[in-house]
1. If the limit is 19 Å between Cα atoms, which of B:Lys131/B:Lys223; B:Lys223/B:Lys255; A:Lys223/B:Lys221; A:Lys255/B:Lys223; A:Lys221/B:Lys223 go over it?
2. Kindly provide the GluC sites (Glu not before Pro) of region A:19-61 that DSSP labels as loop, not H, G, I, E or B, and whose Cβ sees at most 15 other Cβ atoms within 10 Å.
3. Quick check: from the Cα gyration tensor, does region A:118-200 come out rounded (a/c under 1.5), prolate or oblate?
4. Assume the label is 7 Å from Cα along Cα to beta carbon: what separations in nm does A:Arg151 have to the matching positions in the other copies?
5. So the label point sits 7 Å from Cα along the Cα-to-Cβ vector; using that for B:Pro233, what distances do you get to the other copies, in nanometres, sorted shortest first?
6. Suppose all protein chains stay in the model; what accessible area per residue would a 1.4 Å probe give for region B:146-240, in Å²?
7. Averaged over peptide A:65-75, how many Cβ atoms belonging to another chain are found within 10 Å of each residue's Cβ?
8. Quick check: pseudo-label points 7 Å beyond the Cα along Cα→Cβ at A:Thr47 and A:Ala202, how many nm apart are they?
Number of protein chains: 2
Amino acid sequence: MPSAGPRSVVIELNAVLVALIDDQPQVLTLEDGALLPSGPFEGDHPTLQTGLRAWVERQTHHPLGYVEQLYTFADRYRTDAASGRRIVSISYLGLTRERSMKGEREPGWRSWYRYFPWEDWRDGRPAVVAKLILPKLGKWIDDARDAAARRARRQRVEQCFEQGAWNDELTLQRYELLYEAGAVPEAGRPRRPIADPVPGDAMRYDHRRILATGLARLRAKIKYRPVVFELMPPDFTLGQLQRAVEALAGRPLHKQNFRRLVDQQGLVEETGTVAAGTGGRPGKLYRFRREILLERALAGTKLPLARAE
Amino acid sequence: MPSAGPRSVVIELNAVLVALIDDQPQVLTLEDGALLPSGPFEGDHPTLQTGLRAWVERQTHHPLGYVEQLYTFADRYRTDAASGRRIVSISYLGLTRERSMKGEREPGWRSWYRYFPWEDWRDGRPAVVAKLILPKLGKWIDDARDAAARRARRQRVEQCFEQGAWNDELTLQRYELLYEAGAVPEAGRPRRPIADPVPGDAMRYDHRRILATGLARLRAKIKYRPVVFELMPPDFTLGQLQRAVEALAGRPLHKQNFRRLVDQQGLVEETGTVAAGTGGRPGKLYRFRREILLERALAGTKLPLARAE
DNA sequence: ACCTCTTATGCTCTATATGAGCATTAATGT
DNA sequence: ACATTAATGCTCATATAGAGCATAAGAGGT
């Protein structure tokens, strides 16, 4: 296909490992939060998935509930500093059950909202949006070269951040928008340094972008596949479950409707016991009905189908 | 992350290029249909996408409307015959506009239903399902080692092929099921040869699997993003559009509802002219409203949201 | 000119899903 | 007991999806 001869390339793996700890979506990091766990491609496993799974379980001593390939990044600016060889990075999303040793924080786990403060709308629109992000993007809009570009930029900003129709799945688009507007730094990319970045922790290389990819993927996924349960303890109340979904989606849900949904889908079954005192009426405990993973395949359709004959 | 040292790896690119020709979804192949277009990783383009795009446009002399990364395959059995080096293959899905030089068939374009005859339900359930596939899978179910395994297999077969609830997006799952059941051959994988495979052309290496991945992705995609238009000529009738979607989804659609959907979404606008005589009342011509690509971002949500405040 | 065929279009109806809100009930812990 | 905090049970309005009936408008043959 392309004509150039093969050239030396380094393959690395990156993992976005997610767990829920105290109603916060946490992601495993290294180097004081600056890196995602990553390492060279391992040739000894039959598949990348099993290699990744083995590695993670060795590190965290917890089984990986769910693994999914995210994306393969191979842009030119991704080159190894030492050898100058191009880096191709294959990234994965992994879900693991929380452990919550109550206080004994696992080192390395960070709330992903530290990296993306503007993504947490659980208590309404975060202040940072109106106070810092929108002004900055407003300026970026004005800086467009002509009226048409200005219009396009405005439309993009509105889509990404508008109050009325906040779309939680646009995490990556928002990050990319902020990046283009020069509002977040990203090492290793051909950009001048940023004077006053929008709040939120940065990461080295493009790891923050990979994280945004994982976040977006997970937010989309929970809406049509029961993956939340991979993050839950075996038994849980519907309240806990709701808070888990809210933590991931970054927005509040309607309690009654949430229950109705879970119920109708037959996702859970009662264990027969109730939760310990969490202050208030204790909820019934439920467990995930693993059978439904078999029963119902993927969902899906938005097409006006004709009769099945 | 993994411990083994870096090892020599070959990276290759694979492309699933789709076009619609005469109401058939066609895919570009090489070697008499046995291979997907592929080649070594090219280091000279800033991103993989641009590299791929340039290559395709050079080959087909047609612009690539839409490109999306599919998946990165890196299983152990994928090794280069000559060097023994492991092959990592990054695959892409690309959509290009049909050209339909009326008769002068472009070489290399094949209907994807040649590879997956059981996926075309436009005229009801294909005979091959009841006649060959289900019996074969029935035998596979019976061959399970114990009752539990038998039950699991049965459930899987039902999900994949059941008449009532045919899910067109499960293309890849179906292919994998047939593969596991020993009903389709796949070179390069650790499997004994198949005696009497189910009808459908095979491909070399795992290219047929990559194709199935592309098909599944595209079928899922058309339901929430207006990508069909990348396959259509500039002007088209709603009838043509419907046939295009049907070709991709592999199932018949309800005509009136299809129109209602297209209309409500504001996807198209009339050109003011009508189609030439195709036998029957000529339909109005429409064109895709490119603006909506900007207007509406991705769709999406299945969560019981609380008020937006 | 007339008749038959093939599409294109307009509308209606029903079941279900989704977003919201009101009203109760049941433990906790002080 | 009583205020508090959750958990539950229901009802309503609107939007959407799956189906089907009826009509309109050219094409093509007789």
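The values are calculated or read from the model by the stated rules, or taken from the named source; none is laboratory data. Because the structure is predicted, anything quoted here is derived from the model rather than measured. Using ideal geometry, Cβ is built from the backbone for each residue, glycine included, and neighbour counts are taken over all protein chains shown. Side chains included, ligands, DNA and RNA excluded: accessible areas come from the protein's heavy atoms. Shrake-Rupley method; radii C 1.70, N 1.55, O 1.52, S 1.80 Å.
1. Correct reply: B:Lys131/B:Lys223; A:Lys255/B:Lys223.
2. Within region A:19-61, the qualifying GluC sites (Glu not before Pro) (loop, at most 15 other Cβ atoms within 10 Å) are A:Glu31.
3. oblate
4. Spelled out, the distances from A:Arg151's label point are 6.2 nm.
5. 6.5
6. 40
7. Across A:65-75, the average partner-chain Cβ count within 10 Å equals 4.
8. With each label point 7 Å from Cα toward Cβ, the separation is 3.8 nm.
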